[in-house]
Amino acid sequence: MKPNGQVIGQHVIPSGRGHMVIDPDHRIKNRSKRDGLIREIEDFFSDKEAVTWFINKLEARYSRYIIDQLKVMKRVMIEHPTIAEDALRKVYDLKLTSANDYRDVAMSISIEQDRNDIGNKNRAKSNEKYAGLQAPERSPDAYLHVLSGGG
């Protein structure tokens, strides 16, 4: 608090040393934010078993940073809504336990889909280029003649 300024927080100072000063209301606010993110994430996914498992793993491994982990998940859901479910299934199958792993799997799936889309477009273009050509038909004897050393 600044001298003669507005009070922005007030805490009881414990006697002695080594005591942590915490306002319990701060934890309640974080808990409701966490619970809201969890509900939003759980509602997004159809695979309830995988999403419940993953969130439980995040809470166990990153209890202090769970809100950050959940925000990473939510960002993937927003940026890659069609891939989010597949990424969750892959993370579940591989037993990965980090939101960053989830994000990386989603990005990997996205890149792979983009490559396949480009490959399919390129194949379609090359097929159009040679659409008017027809391969000559040869008898099997012509191939046998070449294989036996003939010209």
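The values are calculated or read from the model by the stated rules, or taken from the named source; none is laboratory data. Treat the numbers as computed from the prediction; the structure is a model and nothing was measured. Just so you know, the surface numbers come from the protein's heavy atoms only, side chains and all, with ligands and any DNA or RNA stripped out. Shrake-Rupley method; radii C 1.70, N 1.55, O 1.52, S 1.80 Å.
A few points about this structure:
- Heavy atoms of residue 19: accessible area, 1.4 Å probe, square angstrom to 10: 110
- Going by accessible surface with a 1.4 Å probe and the largest first, 7, 72 read 7, 72.
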